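Read the structure below first, then the notes.
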Ligand code: CAA
């Protein structure tokens, strides 16, 4: 029998604050419907200076690990494009905050929003070599374009943690994925910049082109067509992007198969609409949202399109497993405890991020209820705390 490898468990974490995009539209002199309908976002996560990709990653992972997992994890991979150090892997800090054994491999991977998928594929390879081991993949990012920029409405933050194992509870990944890369300047962040640079409209066109090319090649090679998929999950930098890509493929088709794909896209968009872009984690938060809100059944095939500017795309597929609900840490999707901030509070928090600052700093922790916090910086070293 062929060994199945894939996603065994998933959990999500975001920041304790959010901005209502109607407020942002009013402050920026835009019609709110441009943001709510045209972009397809309702809210975005706002990041206090006491949170970064390490604290978000640790929170997401802590929501899914039990004692057995802790014992079986051989490798921790953090996928991010908002890393905190040019040398040291964020996974080392995360491993420490989680209290994992020292005898694990800890690395960080990067290729814009795509690298969470690369991490999953590498993890599959490790598990194939030794099926006893589990690999913890965490896609964690803070999407930051800048105040008053075109991309501001598509900011967001959060982390999705996934356990990759043999005999996965949730999604058995199929062979035959198609990856595509080309040197394209649609979105990038030079080493000296804390905000992304983007050619926005161009980036949406490259995204659609990469989706169609990888999807067509996958279907050709695997002898598949739209009717073989219960749902197509997309990287969602903003939720309208997934709609643009799906409609480019469906064209004017109005049959039951297309309608189901459209309905399941709406299910995928539901939670990302309230959080914003997670960069590496966006596709996987969308997948969680689909599994909570969509019409999908065990045994059915889900297609996944991962895109990272620069650019890299990959289309792959997985078969939903009978007990997928058990692996989905749905409680971690609750967004009820977030606190709303005003536009001026958001702007102040945006400017308080540690970013490139080199000086010693102690942050006020009283406003952040999170378990894992960044308490400040001393001698160029970030200081983290775990609270009970
Ligand atoms: N009511 C309803 N809809 C409205 C409206 C209104 N009152 N006013 C405008 N709209 C619609 C527009 O018609 C448009 O719809 P379509 O895209 O379907 O044509 C939509 O709202 C957006 O309007 P604009 O095109 O005028 O918006 P913009 O110039 O402000 O730019 C953007 C939008 C390019 C997405 C910009 O927000 C941006 O640069 N975002 C960051 C880049 C990005 O996310 N790119 C995605 C692909 S790259 C990627 O995926 C990697 C990654 O994560 C970054």
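The values are calculated or read from the model by the stated rules, or taken from the named source; none is laboratory data. For clarity, every value in this text was computed on a predicted model and none was experimentally measured. No Cβ is skipped: glycine too gets one built from the backbone with ideal geometry, and neighbour counts run over all protein chains shown.
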_Here is a check on your reading of the model: is residue 145 outside any loop (DSSP other than H, G, I, E, B), farther than 26 Å from residue 303 by Cα and within 20 Å of the chain's Cα centre (by Cα)?_
no
With the structure loaded, tell me whether residue 139 is away from the ligand (no atom under 15 Å from the Cβ) and either within 11 Å of the chain's Cα centre (by Cα) or without any contact (Cβ under 8 Å) to a residue 12 or more places away in the chain (or both) or whether it fails that test.
no
Of the listed residues (153, 160), the one being in contact (Cβ under 8 Å) with a residue 60 or more places away in the chain, under 30 Å from residue 352 (Cα atoms), away from the ligand (no atom under 13 Å from the Cβ) and in the same structural domain as residue 55 (by TED's automatic domain parsing) is 160
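For (1) crowded, with 20+ Cβ neighbours inside 10 Å; (2) in a helix (DSSP H, G or I); (3) at negative phi, each residue gets a yes or a no:
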| position | (1), (2), (3) |
| --- | --- |
| 164 | yes, no, yes |
| 168 | yes, no, yes |
| 192 | no, no, yes |
| 209 | no, yes, yes |
Within segment 163-178, residues closer than 21 Å to residue 279 by Cα and either within 16 Å of the ligand (Cβ to nearest atom) or more than 18 Å from the chain's Cα centre (by Cα) (or both) come out as 177, 178
Reported set for segment 218-240 where residues are assigned to a helix (DSSP H, G or I) and free of Cβ contacts under 8 Å to residues at least 40 places away in the same chain is 219, 220, 226, 227
### Task
Determine whether residue 291 is outside any loop (DSSP other than H, G, I, E, B), within 15 Å of the ligand (Cβ to nearest atom) and over 12 Å from the mean Cα position of the chain (by Cα).
no
If we scan segment 316-337, do we find a residue that is assigned to a strand (DSSP E or B), in contact with a helix residue (DSSP H, G or I) (Cβ under 8 Å, 6 or more places away or on another chain) and farther than 30 Å from residue 170 by Cβ?
no
Result of the Cβ filter at 6 Å on segment 197-209, keeping first residues that are assigned by TED's automatic domain parsing to the domain that holds residue 81 and at pLDDT 95 or above and partners that are in a helix (DSSP H, G or I) and more than 9 Å from the ligand (Cβ to nearest atom), at least 6 apart or interchain, is none
Next item on the list: For segment 330-352, state whether one or more residues are in contact (Cβ under 8 Å) with a residue 40 or more places away in the chain and farther than 21 Å from residue 16 by Cα.
Entry: no
When every residue in segment 11-37 that is within 13 Å of the ligand (Cβ to nearest atom) and crowded, with 20+ Cβ neighbours inside 10 Å is compared, the one nearest to residue 157 (Cα to Cα) is 21
On the basis of being crowded, with 18+ Cβ neighbours inside 10 Å and either modelled with pLDDT under 95 or at positive phi (or both), does residue 40 make the cut? yes
Of the residues in segment 354-388, those that are farther than 20 Å from residue 59 by Cα and within 22 Å of the chain's Cα centre (by Cα) come to 355
Within segment 194-207, restricting to residues that are surrounded by 17 or more Cβ atoms within 10 Å (Cβ to Cβ) and not in a loop (DSSP other than H, G, I, E, B), the one that is farthest from the ligand (Cβ to nearest atom) is 206
Restricting segment 241-276 to residues that are in a loop (DSSP other than H, G, I, E, B) and within 16 Å of the ligand (Cβ to nearest atom), the one surrounded by the fewest Cβ atoms within 10 Å (Cβ to Cβ) turns out to be 251
Residues of segment 338-353 being over 22 Å from the mean Cα position of the chain (by Cα) and part of a loop (DSSP other than H, G, I, E, B), in sequence order, are 342
Review point. Within segment 111-132, can one find any residue that is in contact with a helix residue (DSSP H, G or I) (Cβ under 7 Å, 6 or more places away or on another chain), within 16 Å of the ligand (Cβ to nearest atom), assigned by TED's automatic domain parsing to the domain that holds residue 22 and part of a strand (DSSP E or B)?
Key: yes
